[in-house]
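**Student:** Let me begin by handing over the structure; questions about it come next.
The values are calculated or read from the model by the stated rules, or taken from the named source; none is laboratory data. Here the structure is a predicted model, which means the values were calculated and not measured. Positions of Cβ are generated from backbone atoms using ideal geometry, with glycine treated the same way; all protein chains shown enter the neighbour counts.
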Amino acid sequence: MNSNRLFLIGIHFLLLCIFFFFISYIFRLLSLFYIKFNVLIYLFFDLSFVFFLIFSFLTILNFILKRKISSSDEKRWLTIKPIINPRICVSMTAYNDEESISLSIKDFKNREDVIKVIVIDNNSVDRTFEESINSGAEVIKEPLQGYGACCIRALKEANKTDCNIICLVEGDGTFSGSDLKKLVSYIENADMVIGTRTTRELNTPDSQMNLFMLWGNVFMSKLLQMRFWKVRLTDLGCTYRIIRKEALEKIIDSLSVIGNHFLCEMTILALEKNLKVIEIPITFKKRIGTSKGVGRNIFKGFITGMKMWYLIMFK
């Protein structure tokens, strides 16, 4: 276990310390009315003190074990690797997106340097397949149901092309083709460029990024950031991203999550392979049609967040 993960575990003990200290304070107030609560005051205060000691020990151990900056850490600093003659393959995920897929394909198809648009149809029962064909995209059906399964197939199919930049995006109308040039402008300084939907000024008020989704994504992103240190993240759930083909080939065979927490795994694998990851603000709109993923559903968001937490801690 590396030192960064020790510190991450220590943060969890610090949160427990704060929680139990808060509980002990509540019982202290209640003891003004019922004296028997005094026992619980000392119990929860002692627990908070124990957790604080564990946090302190792990933090000190973290700094003791911290190695000098290695050659891989140097990737944090400026690198310039221009892509001569960029060729972009846009690979879209789609599931019952007949209302939006045509607009999404047309939005990306005529963008500068876009050579090909691929749509991965994940068992749609509407006219997604037909609308995609009529809009000029190559359509491939993915029988294994799941957001992650659809993303993995999208990346694998794009990797088969002769393009040197792969763009992963959803076909639900939430993302804008005009943002592609933003992402591409940073790829010479990185291996993967990820969009972040956390800039409220770039979101429409009816997008799925409510307060729970916004701060849930920020919280999980910061946990991952504490594990690796060499990256700044605010949004672990944003599909819209581009990656160099040679970088994708380093992680493509290790991708395995088929559920809604797939993007967390992809980011973790990229960082473990010492790929340089940059995050930039993008626009985010209300999806066209009904959300089939997390959307604004707090329960689904919580379950996905817990799965992300497990990956961050134990992947």
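**Student:** Quick one: is ILE84 β-branched (Val, Ile, Thr) and modelled with pLDDT under 95?
**Tutor:** So ILE84 passes the test.
**Student:** Please indicate, with yes or no, whether at least one residue in segment 166-184 is in the same structural domain as THR290 (by TED's automatic domain parsing), out of contact with any strand residue (DSSP E or B) (no Cβ under 8 Å at 6 or more places or on another chain) and at positive phi.
**Tutor:** Yes, some residue in segment 166-184 is in the same structural domain as THR290 (by TED's automatic domain parsing), out of contact with any strand residue (DSSP E or B) (no Cβ under 8 Å at 6 or more places or on another chain) and at positive phi.
**Student:** ALA158 passes all but one of (1) surrounded by 22 or more Cβ atoms within 10 Å (Cβ to Cβ); (2) under 18 Å from the mean Cα position of the chain (by Cα); (3) not in a loop (DSSP other than H, G, I, E, B); which number fails?
**Tutor:** Single failed check for ALA158: (2).
**Student:** Within segment 202-213, track down each residue that is crowded, with 17+ Cβ neighbours inside 10 Å and modelled with pLDDT under 90.
**Tutor:** Hits for segment 202-213 are SER207, GLN208, MET209, MET213.
**Student:** Looking at the structure I just gave you, is ASP253 more than 30 Å from ARG87 (Cβ to Cβ), surrounded by fewer than 16 Cβ atoms within 10 Å (Cβ to Cβ) and among the acidic types (Asp, Glu)? Please lay out each step first, then the result.
**Tutor:** Details: more than 30 Å from ARG87 (Cβ to Cβ): no; surrounded by fewer than 16 Cβ atoms within 10 Å (Cβ to Cβ): yes; among the acidic types (Asp, Glu): yes.
In short, no.
**Student:** Residues being closer than 26 Å to ALA149 by Cβ and of a type in the set (A, V, I, L, M): count how many of those fall in segment 205-230.
**Tutor:** Qualifying residue count for the region: 5.
**Student:** State whether one or more residues within segment 139-150 are among the hydroxyl-bearing types (Ser, Thr, Tyr), in the same structural domain as ARG241 (by TED's automatic domain parsing) and closer than 24 Å to LEU269 by Cβ.
**Tutor:** The answer is yes; a qualifying residue exists.
**Student:** Spot the failing condition for ILE133; the list is (1) outside any helix (DSSP H, G or I); (2) under 25 Å from ASP179 (Cα atoms), and only one is missed.
**Tutor:** Only one criterion is unmet by ILE133, namely (1).
**Student:** For VAL125, indicate whether it is in the same structural domain as PRO281 (by TED's automatic domain parsing), buried (at least 19 other Cβ atoms within 10 Å of the Cβ) and of a type outside the set (S, T, N, Q).
**Tutor:** no
**Student:** Just to confirm my filter: which helices (runs of 4 or more DSSP H) fall fully inside segment 202-315 and include at least 1 residues that are in contact (Cβ under 8 Å) with a residue 12 or more places away in the chain, small (Gly, Ala, Ser) and more than 28 Å from SER100 (Cα to Cα)?
**Tutor:** Numbers: elements: 211-228, 245-251, 262-272, 298-314.
Answer list for segment 202-315: 211-228, 245-251, 262-272.
**Student:** Please find, within segment 172-201, the residue that is surrounded by the fewest Cβ atoms within 10 Å (Cβ to Cβ) out of those that are assigned to a loop (DSSP other than H, G, I, E, B) and not small (Gly, Ala, Ser).
**Tutor:** This residue is THR199.
**Student:** Can I ask one more? Output yes when any residue across segment 227-244 is over 21 Å from TRP309 (Cα atoms), out of contact with any helix residue (DSSP H, G or I) (no Cβ under 9 Å at 6 or more places or on another chain) and crowded, with 16+ Cβ neighbours inside 10 Å, and no when none is.
**Tutor:** Scanning segment 227-244, I find no residue that is over 21 Å from TRP309 (Cα atoms), out of contact with any helix residue (DSSP H, G or I) (no Cβ under 9 Å at 6 or more places or on another chain) and crowded, with 16+ Cβ neighbours inside 10 Å, so the answer is no.
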